Amino acid sequence: MDYSLIGKIQKAKEYAEDPTRVTFNSFTLEFQGDNSTYTISLGPDGWHSSDNGFQKYGISPHIMAMERMFGPMLKREPLPYAPGQNVVSDVEKAKKYAAEPHRVRFLSFNARFRGDHNEYTINYDNGVWQCDNPYFLNHGVCSHTMAMERLLRGMVKPNIPASMPVPAVD
């Protein structure tokens, strides 16, 4: 048994309690709205969304929900409300959506993760995890990726390296 993994699991629990350690550089996700599924992305040039509200106003309740859910990890100011936007309705929807993380499925992301001693880059692409942490490079998992899994529980596919035994299901 790899006893160092026990320490990594404990560290991941601690890290996940502090989402300010994470900075999303970019991500693409699917968001299940009340009427349709939308693709939302965040990159160096800002937000993009496939929904009509964003196309018209440059903001939508789906993005507003992402700002609520991931605010400490975005390290950017929320988008301003737009002239003509139905602000009351959109704020109510955003609040509802932010309380329903099952609506979100990450397709990919690139993030910086500040550990206790160093900062690492984590990439996720359709269920494939990568991290430049030396422990990850040797074991296929680390406290940083485990913390991200906890922070994004249900929104990402779990990282189960081939070297890790899969628990039996009764």
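What follows is calculated from the coordinates using simple rules that are stated; it is not laboratory data. In this text, all values refer to a predicted model and were calculated from it rather than measured experimentally. So basically every Cβ, Gly included, is an ideal-geometry build from the backbone, and we count neighbours across all protein chains shown.
In the structure shown, the pairs LYS95/LYS157; LYS13/LYS95; LYS75/LYS96; LYS8/LYS93; LYS56/LYS157; LYS11/LYS157 are assessed against 30 Å; a Cα-Cα span above that value is assigned to LYS8/LYS93; LYS56/LYS157. Of all the options ASN133, ASN52, ASN118, the one that moves most in a Gaussian network model of the chain with Cα springs shorter than 10 angstrom is ASN118. Springs between Cα atoms under 10 Å define the GNM used for the chain, and in it the highest mean-square fluctuation of ASP125, ASP34, ASP51 occurs at ASP34. Dipole orientation for the chain: of the candidates MET155, GLN85, TYR15, GLN85 has the Cα lying most toward the positive pole (charges on Cβ; Lys, Arg +1; Asp, Glu -1). Dipole check for the chain: with +1 at the C-beta of Lys and Arg, -1 at the C-beta of Asp and Glu, and the Cα centre as origin, the magnitude is about 140 Debye.
What does a probe at ARG153 reach in segment 102-120, counting residues whose amide N is under 13 Å from the point 7 Å along Cα→Cβ? Answer for this model: 102. Convex hull volume of the Cα atoms of the chain, normalised per residue: 130 Å³.
For the chain, a Gaussian network of Cα nodes joined below 10 Å ranks ILE160, ILE59, ILE122 by mean-square fluctuation, and the top entry is ILE160. Dividing the convex hull volume of the alpha-carbon atoms in segment 39-137 by its residue count gives 119 Å³ per residue.
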